[in-house]
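Reviewing the structure listed below.
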């Protein structure tokens, strides 16, 4: 049986209120990778500030009682800057895309179905017809999970010189 979580939605105007929660969950979820400069807490704080600073920022945090168990967030792509389009020929007629930036679950709550609940809650209410995300190619189980939710790999990309290579994934909403 899947545990019941309280799923709470936050937007751009509440970013300061949830910032530390996002950082704390990341610190626990990526504890084994904190010595990698790309995954360290300072770098992640920059990403949180970047994404939450976007007007369409959308975040869902799952709580087990008062404890944050995980979250998912993203924002709409800037029109005519859909970075995934270069991987498709021809590109879809529509370019309205929701970019899913992060989905993470603290270790205690993994393998409980929470990631699927977070994903469904975040993208289920989005008006965009497409969702795009990146998955580290060294994590095939994570890629397979997204594929089971309807995403398909359309290419690979390394967005930063010090970042991993990612699978570019896309799905209709």
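Projected area of segment 6-172, taken from the Cα convex hull and averaged over every viewing direction, in nm²?
Convex hull of Cα atoms, orientation-averaged projection: 9.5 nm².
Counting only helical runs of four or more DSSP H residues, what would the 222 nm mean residue ellipticity of the chain come to if each run contributes -39,500 (n - 2.57) and the total is spread over all its residues?
-8500 deg cm²/dmol
Any chance you could check the Cα centroid distance between segment 53-69 and segment 127-173 for me, in angstrom?
A separation of 21 Å, based on Cα centres.
Determine the gain in length on full extension of the stretch residue 137-residue 165; use 0.36 nm per residue of separation and subtract their C-alpha separation, reporting nm with one decimal.
Gain in length upon complete extension: 9.5 nm.
Could you tell me, in Å, what Rg and Dmax come out for the Cα atoms of segment 18-64?
Spelled out, the Cα radius of gyration and Dmax of segment 18-64 are 11.3, 32 Å.
In 5 Å bins starting at 0, how do the alpha-carbon pair distances of segment 94-173 split up by percent?
Percent of pairs per bin, in order: 3, 14, 24, 26, 19, 11, 3, 0.
Taking only Cα atoms, what is the 0 to 90° angle, nearest 10, from helix 114-124's long axis to the longest principal axis of the chain?
50 degrees
Give the angle, between 0 and 90 degrees and rounded to the nearest 10, that separates the Cα long axis of helix 15-29 from the longest principal axis of the Cα atoms of the chain.
In the chain, helix 15-29 runs at an angle near 80 degrees to the longest axis.
Each label point is 7 Å from the Cα along the Cα-to-Cβ direction; what then is the distance between the points at residue 28 and residue 95, in nm?
4.1 nm
For segment 49-124, report the % of Cα-Cα distances exceeding 17 Å.
When every Cα pair of segment 49-124 is considered, 53 percent fall beyond 17 Å.
Going by how many other beta carbons lie within 10 Å of each one, how would you line up 61, 18, fewest first?
18, 61
Between residue 149 and residue 67, what length in nm is gained on full extension when 0.36 nm per residue of separation is reduced by their alpha carbon distance?
26.9 nm
Laboratory data are not the source of any read-out in this text; all were calculated from the coordinates shown. As the structure is a computational prediction, the values presented were derived from the model and not from experiment. When we count neighbours, we look across all protein chains shown, and the Cβ atoms used for this are built from the backbone with ideal geometry, even at glycine.
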